[in-house]
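The values are calculated or read from the model by the stated rules, or taken from the named source; none is laboratory data. Keep in mind it's a predicted model, so treat the numbers as computed, not measured. Glycine also receives a Cβ, built like all others from the backbone with ideal geometry; neighbour counts cover every protein chain displayed. In case anyone asks, the SASA skips ligands and DNA or RNA and just uses the protein heavy atoms, side chains included. Shrake-Rupley method; radii C 1.70, N 1.55, O 1.52, S 1.80 Å.
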Amino acid sequence: METENILGVSEFNELINAHLGLLGEVVVQGEISEIKVSQNKWIFGSIKDESAALEIFGMIYQLGNISQFEAGMVVKIYGTPRLYEKTGKFSIFINRIMPVGEGSLRIAFEKLRDQLTKEGLFEISRKRPIPQFPSTIGLITAEDSQAYQDFIKILSKRMGGIKIYFYPVSVQGKESPNSINEGIQYLNNYFPTLDLIVLTRGGGSLEDLIGFNNEAVVRQIFGSKIPIVSAIGHEGDWSLTDLVADLRASTPSNAAELIVPDRNMIDEIINSIVQKSKQNLMYQIQTKNNQAELMIEKLNSNIRLLIHEMKQLIAQFGDLSSRISEKIVQLKDRGLSLIRILSNLNPQTILQRGFSITTTDDGKIIKSINELKNQDIMKTTLKDGKISSIVKAIHK
Amino acid sequence: MKKQSSKSISEIKTQELFDQLESITVEIEQGKLDLESGIARYKEGTLIASELKKRLAKLENEIIEIKPQIE
């Protein structure tokens with residue numbers, strides 16, 4: 001008779017758990033029936049399909065923010081099945097949870113976007129300027145991808161001499177968030193002097209772009225010390241990395257065009273700058289020249305005025321001089337006539353004309369016969385000498 | 001007037017050279033410099049412009065692929 005192999009409840013649960021452990025990680029897809037957080041530590045809930053339900057359990061520290069998940073959303077759960085030995089409840093322990101299908105992804109995307117917007121991660125004011133002439137660029141994209149080829153091709157048509165540090169990553173699938181995160185972290189740690197980082201890939205569905213709408217990646221970009229340019233997908237289709245990046249480009253080619261200037265355009269700008277400076281200098285020289293000419297003209301006209309005034313003065317002086325000459329002649333004539341008069345009055349002149357002067361013996365001029373008597377001596381002065389004579393008779 | 005640093009023109013970053021060229025243009029345009037200083041700055045500007053043009057003539061970019069060590 002066979003011996004019954006009786007197991008205790010604990011033993012049974014342990015045995016089941018050991019068997020379940022052999023399955024390793026499984027992926028289960030279903031619609032969330034319920035999801036809630038307990039004490040900000042644990043996640044409880046369940047997923048279902050048309051005919052079955054499954055309990056789910058996870059830890060907040062491992063999964064992070066799960067606020068974008070809600071009932072009705074289809075998710076893929078990467079986890080390990082287990083039996084909670086204490087209660088015997090079966091559940092799947094969540095390692096990673098991802099929305100599935102455009103609808104769920106859209107809801108998750110919008111919820112996360114709204115939450116990060118509230119936190120201020122997309123604020124325009126915190127965006128850093130992108131250097132006009134980057135010389136070192138970090139490039140994060142998939143190796144041999146169309147995005148890589150487009151970016152490099154367009155870049156080669158712009159200004160050259162740029163060093164591109166290419167960090168290949170997975171841009172699709174569940175590995176992409178970690179892969180992108182590592183790339184951003186690596187470039188920040190080992191190439192901190194890069195002018196900027198370009199994170200790029202071509203367009204795709206929300207499922208394809210899972211790495212670019214991932215919260216951890218968004219936060220990594222937000223914390224990057226190097227400015228980041230995000231170029232994901234097509235025009236009008238914004239991912240969360242586009243929103244958080246310092247600059248958003250619509251495509252990989254557009255990123256190359258936005259970050260590196262066109263060499264012909266720069267050449268034209270340089271020419272016009274130099275030409276403008278030259279014209280300004282020429283204008284200044286011309287202005288100074290005009291000023292100098294004006295000053296010379298002013299000086300000339302002042303000199304002409306001075307000469308004119310001097311001529312007038314000289315002419316006035318000439319008039320004065322001739323008037324003075326006339327006056328001198330007049331004075332001279334008058335003087336001569338006075339001299340003549342005076343000369344006529346001179347006794348000597350009178351004597352010259354034949355007159356004589358008679359004086360007494362002691363020299364007194366005799367003006368009357370009464371001043372003499374007979375036998376008086378008198379003296380007569382003529383023009384050429386003197387006569388002494390004695391009065392013989394006096395006739396009245 | 002800005003003093004040129006001791007490093008040679010070829011060592012200065014393109015961005016810095018372009019900024020210098022633009023500031024020379026503004027200085028000359030504002031007419032605050034006397035004519036001699038203006039001409040001297042203009043000469044500096046033409047040197048910077050020719051260095052920038054030399055850089056523009058570079059066609060090739062260098063791509064360095066990073067292969068991080070897997071820990």
Checklist entry - If r is the Cβ-Cβ distance from A:E14 to A:S205 and R0 is 45 Å, what FRET efficiency results, to the nearest 0.05? => result 0.55
Item to check | Selected from A:M59, A:L331, A:I307, residue furthest toward positive end of dipole (the protein assembly as shown; charges at beta carbon) | outcome: A:L331
Checklist entry - Which parts of the range A:122-152, residue by residue, lose 50 Å² or more of accessible area when the rest of the protein chains are there, as against the chain isolated (1.4 Å probe)? => result A:F133
Checklist entry - Anyone know which of A:G354, A:G120, A:G103 comes out most mobile in the 10 Å Cα GNM of chain A? => result A:G354
Next on the checklist: Explain nothing, just the number: dipole magnitude of chain A about its Cα centre with +1 on each Lys and Arg Cβ and -1 on each Asp and Glu Cβ, in debye rounded to the nearest 20.
Outcome noted: 6220
Checklist entry - To the nearest 20 debye, what is the magnitude of the charge dipole of the range A:132-261 about its Cα centre, counting +1 on the Cβ of each Lys and Arg and -1 on the Cβ of each Asp and Glu? => result 420
Checklist entry - Using the C-alpha gyration tensor of chain B, what are the square roots of 5 times its eigenvalues, in whole angstrom, with the largest one first? => result 36, 13, 10
Item to check | Extension gain from A:V26 to A:L63, taking 0.36 nm per residue of separation minus the Cα-Cα distance | outcome: 11.7 nm
Checklist outcome for this item: Pseudo-spin-label distance A:I369 to A:D267, built 7 Å along Cα→Cβ, given in nm, is 14.6
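With the full set of protein chains in place, find how many percent of the accessible area of the protein assembly as shown is carbon and sulfur; take the probe as 1.4 Å.
Working: 16010 of 28890 Å².
Carbon-and-sulfur percentage of accessible area, whole number: 55.
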Item to check | Selected from A:T193, A:T358, A:T87 as most flexible by GNM, with chain A as the system and alpha-carbon contacts under 10 Å | outcome: A:T358
Next on the checklist: Which entries of B:K13/B:K58; A:K127/A:K174; A:K276/B:K43; A:K153/B:K7; B:K7/B:K67 have Cα-Cα distances beyond 23 Å here?
Outcome noted: A:K127/A:K174; A:K153/B:K7; B:K7/B:K67
Checklist entry - Where in the range A:16-51 does the label zone of A:E85 land, with the point 7 angstrom along Cα→C-beta and an amide N cut-off under 16 Å? => result A:16-22
Checklist entry - With charges only on Cβ, +1 for K and R and -1 for D and E, what is the dipole size of the range A:341-384 about its Cα centre, in debye, rounded to 20? => result 160
Next on the checklist: On the principal axes of its Cα set, how long, how wide and how thick is the range A:244-321? Give whole Å, largest value first.
Outcome noted: 102, 26, 10
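Report the B-A buried area as the accessible area lost on both sides summed, probe 1.4 Å, in Å² to the nearest 100. Before the final figure, lay out each step's value.
Details: alone 6530 and 25600 Å², together 28890 Å².
That pair hides around 3200 Å² of surface in total.
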Next on the checklist: What FRET efficiency comes out for B:T46 versus A:L258 if R0 is 41 angstrom and r is the Cβ-Cβ distance? Round to the nearest 0.05.
Outcome noted: 0.85
Item to check | Shielded residues, the range A:277-307 - accessible-area loss of 20 Å² or more between chain alone and all protein chains, probe 1.4 Å | outcome: A:S277, A:K278, A:N280, A:L281, A:Q284, A:I285, A:K288
Checklist outcome for this item: Computed, not fitted: 222 nm per-residue ellipticity of the protein assembly as shown from DSSP H runs ≥ 4 (each -39500 (n - 2.57)), nearest 500, equal to -15500 deg cm²/dmol
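Can you give the accessible area per residue of the protein assembly as shown, in Å², using a 1.4 Å probe? Provide the component values of the computation, followed by the final result.
Details: 28890 Å² over 467 residues.
Result: 62 Å² of accessible area for each residue.
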Checklist outcome for this item: Residue span A:L338 to A:D362: 0.36 nm per residue of separation minus Cα-Cα distance leaves a gain in nm of 5.3 nm
Item to check | Label-point separation, A:R96 to A:E123 (7 Å along Cα→Cβ), nm | outcome: 3.2
Item to check | Top positive-direction residue, dipole computed over the protein assembly as shown with Cβ charges, set A:S10, A:I377, A:G103 | outcome: A:I377
Checklist entry - A:W238 versus A:F317, label points 7 Å from Cα toward the beta carbon: distance in nm? => result 9.2
Checklist outcome for this item: Given Cβ charges of +1 for Lys and Arg and -1 for Asp and Glu, the option among A:A245, A:S179, A:P192 whose Cα lies farthest towards the positive end of the dipole of the range A:132-261 is A:P192
Item to check | Most mobile listed residue (A:K174, A:K298, A:K41) in chain A, GNM with C-alpha springs under 10 Å | outcome: A:K298
